[in-house]
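**Q** Please read through the structure below; I'll follow up with questions.
The values are calculated or read from the model by the stated rules, or taken from the named source; none is laboratory data. This structure is a prediction, so every number in the text was calculated from the model and none was measured. For neighbour counting, all protein chains shown are included, and Cβ atoms are generated from backbone atoms with ideal geometry for every residue, glycine included.
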Amino acid sequence: MAVLFKLSNAVAIGLHAAMFLATDEGQSATALQIARTFSISAAHLVKVLQTLSRAGLIEATRGRGGGYRLSRPARKISLLELVEAIEGKMEVQECLLRHPMCHNRKCILGPLVRNINSQTLDYLKKHTVAELAATLAASEPNHQGGDPT
């Protein structure tokens, strides 16, 4: 089935990992624990966690009892911060294409695309990792895992 709106796998993995870490805030979790919970590639997860660590959103501790944890309270990390740490600066655009083909003529989908992008950006700014984790806790209290997209 085709999907119109889709986040990259890296963003989906990053959001799920942050949500997992927020459910037991202050406690560390290993990449293997997170990967098993969501049935995702541990190697891909580690790359995403390294990106989030470089952005200052999570901290990594090596050695026995080490792992990953959020670098600050989940209520103070916006979803936009996570997405931008992985994908780069998000902007509201009107075109679905990387290189517009319409030669600056009025796009028939431009207003729709601009509206969807604007609403998405606004949502990501206003909502936090804590809210995402609370949503998971309400719907799946035992972290059953599954497809991260």
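**Q** When the stretch 10-40 is examined, which residues are found to be outside any loop (DSSP other than H, G, I, E, B), more than 22 Å from Glu131 (Cβ to Cβ) and in contact (Cβ under 8 Å) with a residue 12 or more places away in the chain?
**A** From the stretch 10-40, those outside any loop (DSSP other than H, G, I, E, B) are 10-23, 29, 31-38; that's our starting set.
Those still in the list that are more than 22 Å from Glu131 (Cβ to Cβ) too: 31-33, 35-36.
Listed by number, the residues that qualify are Ala31, Gln33, Arg36.
**Q** Another question, then. Taking only pairs six or more apart or across chains, which ones have beta-carbon atoms under 9 Å, a first residue in the stretch 109-135 that is under 18 Å from Ala22 (Cβ atoms), and a second residue that is among the aliphatic types (A, V, I, L, M) and at pLDDT below 90?
**A** If the second residue must be among the aliphatic types (A, V, I, L, M) and at pLDDT below 90, the pairs left are Leu124/Met90.
**Q** It is to be established whether one or more residues within the stretch 57-66 are among the β-branched types (Val, Ile, Thr) and either touching a Ser or Thr at 6+ places or on another chain (Cβ under 9 Å) or surrounded by 15 or more Cβ atoms within 10 Å (Cβ to Cβ) (or both). Please lay out each step first, then the result.
**A** Going residue by residue through the stretch 57-66, those that are among the β-branched types (Val, Ile, Thr) are 58, 61.
When the remaining residues are screened for being either touching a Ser or Thr at 6+ places or on another chain (Cβ under 9 Å) or surrounded by 15 or more Cβ atoms within 10 Å (Cβ to Cβ) (or both), the result is 58, 61.
Looking for residues that are among the β-branched types (Val, Ile, Thr) and either touching a Ser or Thr at 6+ places or on another chain (Cβ under 9 Å) or surrounded by 15 or more Cβ atoms within 10 Å (Cβ to Cβ) (or both), one finds at least one in the stretch 57-66, hence yes.
**Q** Of the numbered conditions (1) closer than 11 Å to Ala10 by Cβ; (2) touching a strand residue (DSSP E or B) at 6+ places or on another chain (Cβ under 8 Å), Lys76 fails exactly one; give the number of that condition.
**A** Of everything listed in (1) closer than 11 Å to Ala10 by Cβ; (2) touching a strand residue (DSSP E or B) at 6+ places or on another chain (Cβ under 8 Å), Lys76 misses just condition (1).
**Q** Any idea how many residues of the stretch 23-37 are modelled with pLDDT of 95 or more and either closer than 18 Å to Arg75 by Cβ or aromatic (Phe, Trp, Tyr) (or both)?
**A** Result for the stretch 23-37: 0.
**Q** Within the set of pairs 6 or more residues apart or between chains, which connect a residue that is touching a residue at least 40 places away in the same chain (Cβ under 8 Å) inside the stretch 55-73 to a residue that is of a type in the set (Asp, Glu) and assigned to a loop (DSSP other than H, G, I, E, B) with Cβ atoms less than 8 Å apart?
**A** Arg69/Glu25; Leu70/Glu25; Pro73/Glu25
**Q** Ala43 passes all but one of (1) in a helix (DSSP H, G or I); (2) surrounded by 12 or more Cβ atoms within 10 Å (Cβ to Cβ); which number fails?
**A** Only one criterion in (1) in a helix (DSSP H, G or I); (2) surrounded by 12 or more Cβ atoms within 10 Å (Cβ to Cβ) is unmet by Ala43, namely (2).
**Q** To continue, here is another question. Among Gly63, Gly67, Gly56, which is at positive phi, modelled with pLDDT under 85 and small (Gly, Ala, Ser)? Lay out the reasoning, then the answer.
**A** Numbers: Gly67 fails: modelled with pLDDT under 85; Gly56 fails: modelled with pLDDT under 85.
Only one candidate passes the filter, namely Gly63.
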